[in-house]
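Colleague: One structure, as structure tokens, below. Some questions next.
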Amino acid sequence: MGEVAALTGLTVRTLHHYDRLGLVVPARDAVTGHRRYSSVDIERIYRVQALRRLGFPLKDMPPLLDGDAGEPLIDVVDGQLRHTHAELSSLRAHADRLSAVRAVLARDETPERADLLSLIASTTMLRPELRHDYANQANRYDSTRGASPSILDGLTRYLSGAPGPVLWDIGGGTGNYAVAMRDAGWDPTIVDVSADMREEAARKGLPVIAADATALPSVDGTVDAVVMVSMLHQVDDWRAALAETARVLRPGGRLAVMVLTADHLREVTWAYDLFPSMRRFAVDRRMSLAELSGALDGAEVVPLWFTDMEDASIAALCAHPTTILDERLRRQTSFFERMERDNPAELAGGLATLRRMLDRGESPLEERSEARSRLGDASLLTWTKPVDE
């Protein structure tokens with residue numbers, strides 16, 4: 001055990017824990033009682049580490065390690081490889097930002113404020129402890145967030161032409177949209193990195209898969225339809241996520257993505273006027289409409305308007321300004337979670353300004369009516385995989 005711990009970087013205590021849980025149980029030396037790790041045991045240690053990296057809790061691993069449910073080792077390695085490439089892509093982009101700022105400093109010049117803000121945002125997203133923590137929301141998410149009829153209408157109308165009922169809801173969280181799609185006759189599965197969100201979805205009887213959107217399980221061409229709702233902006237390499245989706249879809253398979261673009265943030269989503277510290281961070285994390293439209297050959301992007309508050313996303317909140325004053329609703333968004341954590345004074349000031357506007361009978365939507373009519377409150381990206389692929 002000591003040798004294995006030294007070679008793998010794991011602690012003896014961790015290996016003892018794996019043994020007690022029945023995850024990796026090496027044979028004992030008949031004379032000394034020492035644990036002897038075979039090649040099979042070493043492979044199981046690797047599988048445990050790979051599953052942990054994908055978000056599986058230790059208690060859920062035994063059926064994934066034993067019997068027919070165990071993936072071939074090459075598939076496990078492929079999954080980690082895709083995930084690693086996605087992380088490397090984020091690191092390279094961060095390195096480019098650092099190099100650009102350093103070049104300015106080397107000339108004894110002052111970096112542009114926008115470049116520093118972009119660098120801060122990039123640094124933040126590379127630190128897991130500062131990412132939006134959906135684990136904190138999992139057990140209360142459904143108290144205020146549901147499946148919006150405004151979104152469901154667009155999803156179901158477009159996906160109706162899919163070749164079959166197998167549907168993946170990538171980044172599907174607690175499964176509100178998956179449940180609605182199941183009620184409409186689909187066979188949905190939740191794909192999410194958050195173990196807590198997956199646990200809530202499983203309680204609803206939904207199959208769940210632990211996976212990053214940029215490193216989906218190796219099942220080329222076996223999924224009939226994919227939905228992504230308000231999650232693509234959380235993915236560092238969103239193009240890789242769309243490419244992975246295209247890979248798992250079968251020919252004729254359909255994709256529907258509800259997304260808030262940088263164009264919406266600049267022209268429609270008025271909350272950034274009241275809470276300006278979020279603008280640069282958020283805009284830099286979002287793709288433009290042009291980028292989104294060009295990400296997949298043959299994709300179409302159409303506007304979507306919120307006529308209900310079931311979703312309670314930042315786009316839906318902005319479509320119904322009075323709802324932002326409801327603390328219970330706004331705290332369920334990554335936008336206001338970050339505001340409360342990082343800029344509480346700005347949050348309080350912005351809320352007070354909004355309250356005064358509404359008391360005077362004014363609406364922040366009035367100045368955005370033209371842009372909102374043109375762009376919608378959000379966008380729906382739709383794409384059908386060509387049948388000749």
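Colleague: Using the charge dipole of the chain (Lys, Arg: +1 at Cβ; Asp, Glu: -1 at Cβ; taken about the Cα centre), state which of S99, Y158, N176 has its Cα farthest towards the positive end.
Modeller: S99
Colleague: Under unit Cβ charges (Lys, Arg +1; Asp, Glu -1), what dipole magnitude, rounded to 20 debye, does the chain have relative to its Cα centre?
Modeller: 800
Colleague: 7 Å from Cα along Cα→Cβ at both R113 and S277: what's the point-to-point distance in nm?
Modeller: Here the modelled spin labels are 1.5 nm apart.
Colleague: Let me ask something else. With the dipole of the chain worked out from charges on the C-beta (+1 for Lys and Arg, -1 for Asp and Glu) around the Cα centre, which of V301, T261, G221 lies farthest toward the positive end?
Modeller: Positive-end residue among those listed: T261.
Colleague: Oh, and also: Debye sum, Cα scatterers, the chain, no solvent: what log₁₀ I/I(0) at q = 0.06 1/Å?
Modeller: Listed by q, the Debye log ratios stand at -0.28.
Colleague: Among D220, D342, D169, what is the fewest-to-most ranking by other Cβ atoms within 10 Å?
Modeller: D220, D342, D169
Colleague: Listing R239, R338, R360, R28 from the residue with the fewest other Cβ atoms within 10 Å to the one with the most, what is the order?
Modeller: In increasing order of surrounding Cβ atoms, one gets R360, R28, R239, R338.
Colleague: Can you say what percent of the DSSP beta bridges in the chain, counting only those with both residues inside, are antiparallel? Round to 5.
Modeller: 45
Colleague: Based on the Cβ-Cβ distance from R328 to S160, what FRET efficiency comes out when R0 is 22 Å, to the nearest 0.05?
Modeller: 0.05
Colleague: Still on this structure, I have one more. Report, in debye and to the nearest 20, how large the dipole of the range 2-66 comes out about its Cα centre when Lys and Arg carry +1 and Asp and Glu carry -1 on their Cβ.
Modeller: 180
Colleague: Placing +1 on the Cβ of each Lys and Arg and -1 on the Cβ of each Asp and Glu in the chain, which of L15, P62, L358 has its Cα farthest towards the positive end of the resulting dipole?
Modeller: About the Cα centre, the residue reaching furthest to the positive side is L15.
Colleague: Tell me the relative contact order for the chain as a rounded percent, counting alpha carbon contacts under 8 Å between residues six or more apart.
Modeller: Value for the chain: 15 percent.
Colleague: Taking neighbour counts of Cβ atoms within 10 Å as a proxy for exposure, in what order, fewest first, do L265, L381, L365 appear?
Modeller: Placing the least packed residue first, the sequence is L365, L265, L381.
Colleague: In addition: Each residue of the range 232-240 in order: what ³J(HN,Hα) in whole Hz does its phi give by Karplus 6.51 cos²θ - 1.76 cosθ + 1.60, θ = phi - 60°, with x for Gly and Pro?
Modeller: With the stated coefficients, the range 232-240 comes to 5, 6, 7, 9, 4, 9, 5, 5, 5 Hz.
Colleague: Just to verify a number: FRET efficiency for H17 and D78, C-beta to C-beta distance, R0 = 30 Å, to 0.05?
Modeller: 0.65
Colleague: Here's something else I'd like to know. Write down the Kirkwood hydrodynamic radius of the range 2-66, to one decimal in angstroms, obtained as one divided by the mean of 1/r over all alpha carbon pairs.
Modeller: Computed over Cα pairs of the range 2-66, the Kirkwood hydrodynamic radius comes out at 12.3 Å.
Every read-out reported here was derived from the displayed coordinates using simple, explicitly stated rules and does not represent laboratory data. Everything quoted here is computed from the prediction, not taken from an experiment. Note that we place each Cβ from the backbone using ideal geometry, even for glycine, and neighbour counts take in every protein chain shown.
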